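Below you'll find the structure, written out as structure tokens, and then a few comments.
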Amino acid sequence: MVRTRTIFQTQKYSFFCSLVKGTLDLGLVCSWPFDTLDKDANLLQVESIVKLRSKSSLKNGDQITVSTAIFLENSLVDTSTLRLSVTDVFQEYLSPSVNATFNETMLRLNSSSGSISMKIGQVIILPVVISIPTNSTVNVKLEAIMPVSESADLTVLYMKYASSGENIARVGDPEDQKLSLTSVNGTSQKDRGVLDLGVVTNTGVTYRKELTNEEDNLLVVEVTLQLTDSLSNTNSAKKIFQLIATVGPYVAHLENTVSVDRNLNEVPKIFFEGFLNDTGRPLNDHFMTVYSLLKHENTSMAELHPVYAIFYLPPFVQFDDQLISNMTGSSPTKIYDSKSGQLTIKFDHLYFTDIISFSFAVVRRSNATATRSLVNSTVPFEAGGYIIHRPGSSHPNGTYFSSPMDALMFAVQFPPVNDTCGGKLDYSNCQVLVSPESKYENGVFEPFIRAGEFSSNRYLQIYFGNKVRVERVSIMRQTPSEGDVLLFNLAYSDDGISWVPGDKIKVNSGHNTVLLYNTVTRTRAARYVRFYVVEHTGNPDAHLLMKLNFYGCNTTNDVTDVCVSAPKRTDPKGTSFQSVYFFLFLSFNLSIYLSIYLSIYLSIYLSHSFCHLSIYLLLFISIYLSIYLSIYCCSDLSIYLSTLDRRVANVNAYVIENSPEKNHFYGISADRKSYMTSQDGVIWMSAEPSQAIDKIETCQPPTCIKNIAVPWLNQHTIGTNNPQTQFINNMWGATYEGLLKKDASGWKRVVNW
């Protein structure tokens, strides 16, 4: 006889009635007359189990009809019917063969060792084996209890039925299982789990067939546990958890130990996302809801106490409260700075099991204005916090850990602008003659520091090509600016040489933290425009950071390609010395030293020339005046001195063979906050940090010859990839390439400037 599985089918007879039919095909059955005296020798026995589902609509007293039909060669040979009554009182049945020692063997862990080693944050699945008595129908329940100190040391994430032996009737239906997870502290850390499997039947069929196998009577439940980052979970600590199984009247109790494996280098990995409820719908008079989700990544190994969610709202909107969170216990606290737009939401903790969902509302600022009806603004947001500091940890006490930065885009609707000459005047980097980082959407205008009488002469120069009339200027302060603009003025030019100054304009507000629009008086049409900072808050040498935009209109359209017509800077061409540039910098306190150095330097590179007399004469004059000087050699071998741009503090000069940048200079500005570049040593402009650093660090002869490097004004060198001490705040640091964050592996760049 070939053994087959039963095939079940459900047939619906009416709206209220359906039939479940099970078919067992035994295949070819043969009977041999070996024992004619045994009346049961030709008996074939089939058993079926009928189970009432826990969610059945049948009530006490209802009946279930079980019918059987036997077919031989597709011919019906016999039928039978059995009626079963439904009762609301379950009566357990235990086989008489079950003895009092059953509870000593009915529960065990399917584990090769008594102790389990776990790392912080690790998740394991424990197979728990429960034995069900033969020929019995009983209620089965498993309870898992975890240790708790000031918080849970272990948590129960999930419990479920996994498998069972051949004698165990069907128990895998999810609707028949009831799982309850609770926390003694009322948090997401569930330290106790109870899985009620309901009624379980052991048919004992293999015993009646004399095929005894212990595994046929077993039921396996999987318990998922996670080791927390509690204060008491120190390295090698022993944590004991309990398992309690109830099988009918029998109760079994099992204890097991978890050994904590901690390396003191655990760090959190934070997942933080945010989105808007109506992305793309302009924010006019209604409010907009920001939804956020905060939790740990699967690879996180440290919990946070507390954790902060930080949003940097655009200047057009403001926080409108309505903070809603799913966190129980203490409510989150919020701090909103209306000037900077920073919104900080603090939660007491972020456990491994926490999935913090929260939302808040923003509205458009009532006093915000714009020159176009729809403004899109993309702003960053991040989350971070502190872990429990432990002796010997590789992370200093107070280390701040945070998630990667992400961005939200707000679409803000403004009333339409009727001014025919009020559109935004766009410009590209090729038009910016001082600071390529000054365009409003792409970066920040950072006026260079000039002390004393030059403190008010900070400017941004733009070549518009066609004549433009600037009607308004927008200013917005950028962090970490050390002051606000109080007074500015514009200057105009048609050739970039002769300039006509405009009126001094008072800024609308002393605080430039929100976007400010300032009307320009006595404007005039010009191809070049300069923006000057005249007065500002803070000390005279304060470092100012601001975003600027110009609004107005074109008065001519004769220039079609502005970048092509923009002023070009060309390298002086030389032949005798392969256009090598010689740079030296003289100051009052180093004049004697540098005069000697200059003599040696030029005697090496300018031998057999007629320039020596004029060099020494000019050198003497430079010492007397004690000014910074730059010196370079032109193609006609004439040597002359010109004043070095005061913005430059460090210079590296290069000769690069077979390259468009055959002769180039890279330096760092005196404020130590940006790189600069020059092709002739006279006109200096901002440079991309990656370009400058690449030249400084990778210059190797003979293809690249580094002629001279002048160090910082304080004699410190440059070229480091890690931020210096004065540019470090907690775990954040800044270099000339961008913003960096520190983790266990060192500094990693997060944002490119």
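Counting just the residues of region 184-219 that are of a type in the set (A, V, I, L, M, F, W, C) and assigned to a loop (DSSP other than H, G, I, E, B), which one comes out modelled with the lowest pLDDT? Top of the filtered list is Leu211. Restricting region 170-191 to residues that are under 24 Å from Ser54 (Cα atoms) and surrounded by 17 or more Cβ atoms within 10 Å (Cβ to Cβ) leaves a set whose member that is farthest from the chain's Cα centre (by Cα) is Val171.
Here region 469-490 is the region considered, the condition is being closer than 19 Å to Lys504 by Cα and of a type in the set (S, T, N, Q), and the residue that is farthest from the chain's Cα centre (by Cα) is Asn489. A search for C-beta distances below 7 Å between a residue of region 20-47 that is on the phi > 0 side of the Ramachandran plot and any residue that is in a loop (DSSP other than H, G, I, E, B) and surrounded by 10 or more Cβ atoms within 10 Å (Cβ to Cβ), counting only pairs 6+ apart in sequence or on different chains, returns Gly27/Thr4. Consider Ile116 carefully, then state whether it is touching a residue at least 40 places away in the same chain (Cβ under 8 Å) and either in contact with a helix residue (DSSP H, G or I) (Cβ under 6 Å, 6 or more places away or on another chain) or assigned to a loop (DSSP other than H, G, I, E, B) (or both). Answer is no for this residue. If the condition is being crowded, with 21+ Cβ neighbours inside 10 Å, assigned to a strand (DSSP E or B) and of a type in the set (A, V, I, L, M, F, W, C), then region 119-137 contributes Val128, Ile130. Can you tell me which residue is surrounded by the fewest Cβ atoms within 10 Å (Cβ to Cβ) among those in region 25-65 that are of a type in the set (A, V, I, L, M, F, W, C) and either within 20 Å of Arg208 (Cβ to Cβ) or touching an Asp or Glu at 6+ places or on another chain (Cβ under 7 Å) (or both)? Result: Leu43.
Evaluate the following for Ser357: is it surrounded by fewer than 19 Cβ atoms within 10 Å (Cβ to Cβ), polar (S, T, N, Q) and under 17 Å from the mean Cα position of the chain (by Cα)? When the stated conditions are applied, Ser357 passes them.
I'd like the residue in region 142-165 that is surrounded by 19 or more Cβ atoms within 10 Å (Cβ to Cβ) and either of a type in the set (S, T, N, Q) or at pLDDT below 95 (or both) and, out of all such residues, is farthest from Val247 (Cα to Cα). Looking at residues that are surrounded by 19 or more Cβ atoms within 10 Å (Cβ to Cβ) and either of a type in the set (S, T, N, Q) or at pLDDT below 95 (or both), I get Ser151.
Within region 74-109, the set of residues being over 30 Å from Val223 (Cβ atoms) and of a type in the set (Ser, Thr, Tyr) comprises Ser75, Thr79, Ser80, Thr81, Ser85, Thr87. Can you confirm whether Ser325 is polar (S, T, N, Q) and without any contact (Cβ under 8 Å) to a residue 12 or more places away in the chain? So Ser325 fails the test.
Scan region 547-564 and report the pairs whose first residue is in the same structural domain as Lys467 (by TED's automatic domain parsing) and whose second residue is exposed (fewer than 13 other Cβ atoms within 10 Å of the Cβ), with Cβ atoms within less than 8 Å and a gap of 6+ or a chain change. Hits for this filter: Cys553/Thr420.
The values are calculated or read from the model by the stated rules, or taken from the named source; none is laboratory data. On a predicted model such as this, the values are computed, not experimentally measured, just so you know. Cβ: placed from backbone, ideal geometry, glycine included. Neighbour counts: every protein chain shown.
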